[in-house]
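Before any comments, here is the structure.
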Amino acid sequence: MARETTKDYIFVGIQLLLFVAYAWEPAWLAFNRSKALGNLGLVLAVVSVIAGCLVLTQLWKTFSPFPTPVVAGELITTGLFSVARHPIYTSLVLAAFGYGLYTGSGYRLLVGLTLLVLFYFKSSYEEQLLSTKYPEYTAYRDKVGRFMPWV
């Protein structure tokens with residue numbers, strides 16, 4: 001299962017386009033937010049980035065942006081993977097929402113929502129492949145939420 005498919009490249013290509021779109025800051029859809037909401041957004045973004053970095057340390061040698069599992073990979077169910085099946089996607093979406101709140105950008109919140117939708121479909125495809133590669137994945141999937149413990 002090491003060969004990336006066209007679907008892999010489509011998912012990653014859309015993801016990269018959304019990351020580039022997120023960096024753009026149009027004035028439209030800007031909103032005034034309270035200092036407390038801005039601070040909450042900043043804390044959410046920082047905590048999400050730290051969590052994402054911690055997850056990357058668990059995947060250090062087998063990380064891939066593609067949904068197709070790498071040949072040398074193993075099923076990880078510890079650390080933040082015991083809380084969410086896709087903690088990197090979760091950290092990216094929460095960081096996008098947090099920074100969108102911090103900057104008062106409705107546009108960035110919309111891009112964050114679009115990332116969430118993309119990651120739902122990308123993770124669904126990825127889970128089909130993981131279930132094939134790891135027979136124990138189904139039990140793990142039934143026990144742990146996709147993006148958060150209850151979701």
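Of the candidates Thr77, Thr132, Thr103, Thr68, the single residue that is closer than 21 Å to Lys7 by Cβ, of a type in the set (Val, Ile, Thr) and surrounded by 15 or more Cβ atoms within 10 Å (Cβ to Cβ) is Thr68. Confirm whether Val43 is without any contact (Cβ under 8 Å) to a residue 40 or more places away in the chain, in contact with a helix residue (DSSP H, G or I) (Cβ under 8 Å, 6 or more places away or on another chain) and part of a helix (DSSP H, G or I). Considered against the rule, which asks whether it is without any contact (Cβ under 8 Å) to a residue 40 or more places away in the chain, in contact with a helix residue (DSSP H, G or I) (Cβ under 8 Å, 6 or more places away or on another chain) and part of a helix (DSSP H, G or I), Val43 comes out as no.
Just so you know, in the stretch 1-25 the residues that are part of a loop (DSSP other than H, G, I, E, B) and surrounded by 11 or more Cβ atoms within 10 Å (Cβ to Cβ) include one that is modelled with the lowest pLDDT, and it is Met1.
Of Leu113, Leu129, all but one fail to be at pLDDT 95 or above, in a helix (DSSP H, G or I) and under 19 Å from Ala45 (Cα atoms); the exception is Leu113. Restricting attention to the stretch 106-129, the residues being of a type in the set (A, V, I, L, M) and loosely packed, with under 14 Cβ neighbours inside 10 Å number 1. Residues that are closer than 19 Å to Leu92 by Cβ and among the β-branched types (Val, Ile, Thr) within the stretch 5-51 comprise Ile10, Val12, Ile14, Val20, Val43, Val46, Val47, Val49, Ile50, listed in sequence order. Scanning the stretch 4-21 for residues that are under 21 Å from Thr103 (Cβ atoms) and in contact with a Ser or Thr (Cβ under 9 Å, 6 or more places away or on another chain) yields Leu18, Ala21. Which residue pairs have Cβ atoms closer than 7 Å, lie 6 or more positions apart in sequence or on different chains, and pair a first residue in the stretch 120-131 that is in contact (Cβ under 8 Å) with a residue 40 or more places away in the chain and closer than 12 Å to Arg146 by Cβ with a second residue that is charged (D, E, K, R) and assigned to a helix (DSSP H, G or I)? Close Cβ pairs (under 7 Å, with a partner that is charged (D, E, K, R) and assigned to a helix (DSSP H, G or I)) amount to Glu127/Arg141. A residue that is in a loop (DSSP other than H, G, I, E, B) and without any contact (Cβ under 8 Å) to a residue 40 or more places away in the chain can be found somewhere in the stretch 77-84. In the set (1) of a type in the set (Lys, Arg); (2) at pLDDT below 95; (3) more than 23 Å from Glu136 (Cβ to Cβ), the condition left unmet by Lys61 is number (3). With respect to the conditions (1) in a helix (DSSP H, G or I); (2) under 13 Å from the mean Cα position of the chain (by Cα), Met148 falls short on a single one, namely (1).
The values are calculated or read from the model by the stated rules, or taken from the named source; none is laboratory data. Keep in mind that what you see is a predicted model, and the values were worked out from it rather than measured. So basically every Cβ, Gly included, is an ideal-geometry build from the backbone, and we count neighbours across all protein chains shown.
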